[in-house]
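Heads up, the thing below is written out as structure tokens.
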Amino acid sequence: MPSERPDNILVLRVSLEDIEPRIWRRIQVPDSFTLKQLHRVIQIAMGWHDSHLHEFRIGGERYGQPDPEDEEKVSDEGTVLLRNLPFSIGGSVTYAYDFGDDWQHQVLLEEIQKPGSEAIYPACNAGERNAPPEDVGGTVGYTEFLAAIADPNHEEHDSLLEWIGGHFDPEAFSVPETNKRLRREFRRAAK
């Protein structure tokens, strides 16, 4: 879905809650993006695979993909422009991903900038640490996963390494690789 030309660029810090040391990303997104587009940016920046349900929670309202079977009302995230959200610098919204693992992200508005003439948006300009693998079992499962893969004598060491594809570095994060994925995704979406 093409978005309007941005008046401003929102600098957002996305932090995964309840994990220390923090796993976080600093992203820049046009204020003309919808919450649905922000969802895609967060998925790519965090390294998630978008294989689970998600929602944004803003001032008591829930935004996501409406489901007629759901008894609780969820507003359509594709209809809400970021510029129309009721939060200002220093304010935050919650982004929940994978209701089973229950990954809670704080999305903090750090700054509002004018778009750079040569800049490409969306962009990631900082971050730390690899996000947990999908379906690892939430924060408790992730802690147990890290302990098992770090200990060759752990009874699940080999099976978890096989499950994850042979290697997982919890400290790994690359801004250039993340920006490549963002550009690939949003160039394809613009066509």
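Observations on the model:
- Cross-link partners of Lys114 among aspartates and glutamates, defined as those whose alpha carbon lies under 13 angstrom from its own and excluding same-chain residues fewer than eight positions apart: Asp7, Asp31.
- If you run the Gaussian network model on the chain, springs between alpha carbon atoms under 10 Å, then out of Pro176, Pro122, Pro30 the most flexible one is Pro176.
- Length-normalised contact order for segment 131-172 - Cα pairs under 8 Å, 6+ apart - percent: 30 percent
- Net charge over other residues, Cβ less than 11 angstrom from the Cβ of Arg22 (K, R count +1; D, E count -1): -1
- Reach of Lys180 by Cα under 18 Å, taken over aspartates and glutamates that are not fewer than 8 positions away in the same chain: Asp50, Glu118, Glu128
- Where labels lie 7 Å past Cα in the beta-carbon direction, separation of Lys114 and Asp151 in nm: 5.7 nm
- When the P(r) is computed for segment 131-172, the part past 17 Å accounts for 19% of the Cα-Cα pairs.
- Of His39, His157, His54, the one that fluctuates the most in a GNM where the chain has Cα springs shorter than 10 Å: His157
- Debye log10 I(q)/I(0) at q = 0.11, 0.20, 0.23 Å⁻¹ for segment 27-156, Cα point scatterers: -0.47, -1.24, -1.51
- Between His167 and Glu61, the simple spin-label model (points 7 angstrom out along Cα→Cβ) gives 4.6 nm.
- Here the contact order of the chain, divided by its residue count and restricted to Cα pairs under 8 Å and six or more residues apart, works out to 26 percent.
- Theoretical gain in end-to-end length, Phe99 to Asn8 [0.36 nm per residue, Cα-Cα removed]: 29.6 nm
- Among Gly64, Gly116, Gly47, residue whose mean-square fluctuation peaks in a GNM of the chain (springs only between Cα atoms under 10 Å): Gly116
Quick note: the coordinates plus some simple rules give every number you see, no bench work behind them. These numbers were taken from a predicted model, which means no experiment stands behind them. In this analysis, Cβ positions are derived from the backbone assuming ideal geometry, glycine residues included, and neighbour counts consider all displayed protein chains.
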